[in-house]
Amino acid sequence: QVQLVESGGGLVQPGGSLRLSCVASGFTFSSYTMGWYRQAPGQERELVARITSAGANTNYADSVKGRFTISRDNAKNTVYLQMNSLKPEDTAVYYCNAPFYYSTPMRPMDSWGKGTLVTVSS
């Protein structure tokens, strides 16, 4: 049974920082690229960062590039998202998943966690 448990969100002022964590279980975590997604009110879920299985490569959406850093600790089955220089438009519920868990079609797992809410506001 897959579990994805996100934590670390909260209320932060513009320019502030947060570090999100996602603890995964129920699958071979170290075999999969992991990603962080976010969903803002009224918007579709978007992939903002991903990291390959061994942590060698990362990719970011243009909207967060230079401000967010994704990392992982396979020994702890955990993926992190360090968020710096936060902006109000970063406000969203943040989720983790494996973007390429399935290959045909390429998609994440059907099982999503509850997410963690990040609110950036003055």
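Scanning for something touching a Cys at 6+ places or on another chain (Cβ under 8 Å) and surrounded by fewer than 20 Cβ atoms within 10 Å (Cβ to Cβ), does the stretch 69-78 turn up at least one residue?
yes
Going through the stretch 92-119 one residue at a time, which ones are in a strand (DSSP E or B) and among the hydrophobic types (A, V, I, L, M, F, W, C)?
A92, V93, C96, M106, L117, V118
Among the listed residues Y101, Y37, Y94, which satisfies the condition of being crowded, with 17+ Cβ neighbours inside 10 Å and over 30 Å from S122 (Cα atoms)?
Just one listed residue meets the conditions, Y101.
Only residues that are modelled with pLDDT of 95 or more and of a type outside the set (F, W, Y): list them for the stretch 94-105, please.
Those that are modelled with pLDDT of 95 or more and of a type outside the set (F, W, Y): C96, N97, A98, P99.
The conditions are (1) open to solvent by 70 Å² or more (accessible area, probe 1.4 Å); (2) assigned to a loop (DSSP other than H, G, I, E, B), and E89 fails exactly one of them. Which is it?
Here E89 meets the rest and fails (2).
From the list Y80, Y60, Y37, pick out the single residue that is within 14 Å of the chain's Cα centre (by Cα) and without any contact (Cβ under 8 Å) to a residue 60 or more places away in the chain.
Numbers: Y80 fails: without any contact (Cβ under 8 Å) to a residue 60 or more places away in the chain; Y37 fails: without any contact (Cβ under 8 Å) to a residue 60 or more places away in the chain.
From the options Y80, Y60, Y37, the qualifying one is Y60.
For the stretch 47-57, which residues satisfy the criterion of being open to solvent by 70 Å² or more (accessible area, probe 1.4 Å) and either under 19 Å from T91 (Cβ atoms) or without any contact (Cβ under 8 Å) to a residue 12 or more places away in the chain (or both)?
The answer is A56, N57.
Among the residues of the stretch 48-66, which ones are hydrophobic (A, V, I, L, M, F, W, C) and part of a strand (DSSP E or B)?
Answer for the stretch 48-66, where residues must be hydrophobic (A, V, I, L, M, F, W, C) and part of a strand (DSSP E or B): V48, A49, I51.
Among (1) in a strand (DSSP E or B); (2) surrounded by 15 or more Cβ atoms within 10 Å (Cβ to Cβ), there is one condition R19 misses while meeting the rest; what is its number?
Result: R19 passes all but (2).
Determine which single condition S31 fails, assuming it passes every other condition in (1) among the hydroxyl-bearing types (S, T, Y); (2) touching a helix residue (DSSP H, G or I) at 6+ places or on another chain (Cβ under 6 Å); (3) loosely packed, with under 12 Cβ neighbours inside 10 Å.
(2)
The values are calculated or read from the model by the stated rules, or taken from the named source; none is laboratory data. Being a predicted model, the structure only gives us computed values, none of them experimental. Virtual Cβ from ideal backbone geometry, glycine too; neighbours counted across all protein chains shown. All accessible areas refer to the heavy atoms of the entire protein, side chains included, with ligands and DNA or RNA removed. Shrake-Rupley method; radii C 1.70, N 1.55, O 1.52, S 1.80 Å.
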